[in-house]
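Working notes, beginning with the structure itself.
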Amino acid sequence: MSTPISGPRGWPLFGVVLPFGKDPLGYLERMQREYGDLSRYRLGPLSVLQVNHPDAIEQVLVTNHRHFIKDVGTRDLMPIVGRGLLTSEGELWKRQRKAIAPMLQRAKIGRYGEAMTSLTAAWEASLAPDVVQDVRGDLMHLTLSVVMRALFDEDAGPMVERVGHAVDVLMIEFVETIQSWKRALPSWWPVAGRKRFAGSVTELRSMATAMIEGKRASAGSASGSSGDDMVSRLLALRLEDGTELSTEQIADELLTMLLAGHETTALALTYALHLLVRHPEVLERAHAELDAALGARDPTIDDADALPFTKAIFLETLRLYPPAWAIGREAIEPTEVSGHAVRVGEQLFISQWVVHHDPRWWPEPLAFRPERWLDGSANAVPRFAYFPFGGGPRVCIGNHFAEMEGVLVLATLLRRRTVEAVAECPPLELLPSVTIRPKNPVLVRLKRRVG
């Protein structure tokens with residue numbers, strides 16, 4: 001008989017909602033520090049099992065994945081992404097993944113490289129030779145443009161500002177309502193922010209619907225062609241009974257890819273620049289690699305695997321600042337994790353933030369050391385000591401796209417620019433919403449390189 005899983009008692013009814021909501025990242029770290037690889041606590045009515053060991057994580061995400069579905073927190077995103085690939089389950093999820101996966105396989109994404117480099121080069125060229133920028137905003141704009149061009153064959157144009165504003169509102173209100181005591185209130189309760197949240201969802205869905213209907217009209221015209229972009233592929237998809245996907249179903253997928261495909265990569269690139277300005281020796285080595293490999297030209301997809309140190313910078317950034325900071329699952333049948341019983345309906349929290357900073361796997365876990373990825377030490381850690389894109393059958397479908405974009409954007413920018421710290425830049429404070437966002441502007445001086 002296994003020993004009981006321990007954890008904090010919390011308050012009646014609320015459990016540990018208040019301390020968790022005040023500092024989610026710190027609370028997850030505290031649970032690991034005080035209770036070890038498994039801890040159990042309550043968030044309001046929910047029983048939570050926090051899983052911190054790579055072997056146990058592999059059990060949940062791979063070995064026994066059929067015993068789990070996405071957690072309540074992920075399902076809270078359904079007002080935004082509907083039953084898209086992120087939130088769907090069972091046969092629907094299998095059908096969706098089968099339709100979308102071919103576009104994002106490693107062998108197929110090479111054609112997206114040109115969009116990544118050309119749009120980065122255009123952004124860099126638009127800046128003054130010596131300028132201080134809030135790079136988070138710039139990189140959100142850039143990665144949204146890349147997703148629109150590469151996956152949807154659309155020019156982001158005026159949509160960028162609208163999408164950016166809507167996403168910002170959604171992320172802020174998600175924290176304020178879903179990750180706080182307010183989630184205990186009924187949905188009809190007039191909580192401040194719910195109206196703004198609903199308005200942003202409506203705004204995003206109206207843009208998605210317009211894009212879909214435009215593609216549908218083009219495909220149905222005499223001169224139109226079905227195209228090979230994601231929306232066109234979904235329009236051409238037929239279900240088992242021969243029916244096509246509805247506009248709402250396609251909008252679910254479009255919004256899932258739109259949000260997941262640009263927000264996380266933009267944040268990773270933001271944190272990479274934040275780290276580089278504080279580690280000039282790493283920046284110098286990156287410049288040396290780029291100068292030797294590229295000379296005076298921008299990178300192409302063929303260079304993506306020939307820039308190991310640039311790639312190591314991106315991988316190490318994902319370790320220190322994983323944009324997706326936790327994965328959630330819900331048990332749908334009695335099962336076990338590390339020999340301990342898991343109850344049906346129990347929520348499992350698996351945190352990249354906690355595991356990526358665990359000194360058992362990562363010596364000097366808070367140090368920015370890209371060389372980990374070149375000296376073999378990163379290869380020696382357990383499989384799930386590093387999982388910025390999740391793992392198992394539901395690993396992020398865009399992981400290869402994101403890694404390639406991270407390398408090519410960094411290479412294009414750093415070939416042309418050096419980056420320096422800005423004295424007036426506020427300290428980096430993190431806001432864990434759906435992703436880990438910076439609370440304040442991330443100011444970086446971008447100076448055009450000579451020669």
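The values are calculated or read from the model by the stated rules, or taken from the named source; none is laboratory data. If you're wondering where the values come from, they're calculated on a predicted model, not measured in any experiment. In this analysis, Cβ positions are derived from the backbone assuming ideal geometry, glycine residues included, and neighbour counts consider all displayed protein chains.
Numerical summary
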item	result
Long-range neighbours under 6 Å by Cβ, at least six apart or interchain, first residue farther than 18 Å from Gly10 by Cα and of a type outside the set (A, V, I, L, M) within the stretch 33-59, second part of a strand (DSSP E or B) and modelled with pLDDT of 95 or more	Gln59/Val337
Within the stretch 48-155, helices (runs of 4 or more DSSP H) holding 1 or more residues that are at pLDDT 90 or above and surrounded by fewer than 19 Cβ atoms within 10 Å (Cβ to Cβ)	54-58, 72-75, 113-126, 135-152
Extreme residue, nearest to Arg83 (Cα to Cα), among residues of the stretch 219-246 that are surrounded by fewer than 17 Cβ atoms within 10 Å (Cβ to Cβ) and modelled with pLDDT of 80 or more	Ser246
Among the residues listed as Ala411, Ala378, Ala367, the single one being within 25 Å of Leu283 (Cα to Cα) and either without any contact (Cβ under 8 Å) to a residue 12 or more places away in the chain or basic (Lys, Arg) (or both)	Ala367
Test: residue in the stretch 324-338 that is crowded, with 20+ Cβ neighbours inside 10 Å, touching a helix residue (DSSP H, G or I) at 6+ places or on another chain (Cβ under 8 Å), assigned to a helix (DSSP H, G or I) and of a type outside the set (A, V, I, L, M, F, W, C)	no
Residue in the stretch 372-394 that is touching a Pro at 6+ places or on another chain (Cβ under 8 Å), surrounded by fewer than 20 Cβ atoms within 10 Å (Cβ to Cβ) and within 22 Å of Phe20 (Cβ to Cβ) present	no
The stretch 138-148, residues that are over 16 Å from the mean Cα position of the chain (by Cα) and closer than 28 Å to Arg449 by Cα	Asp138, Ser145
Test: residue in the stretch 403-411 that is of a type outside the set (A, V, I, L, M) and farther than 21 Å from Leu290 by Cα	no
Subset of the stretch 283-323 that is hydroxyl-bearing (Ser, Thr, Tyr) and not in a helix (DSSP H, G or I) - its residue that is nearest to Leu269 (Cα to Cα)	Tyr321
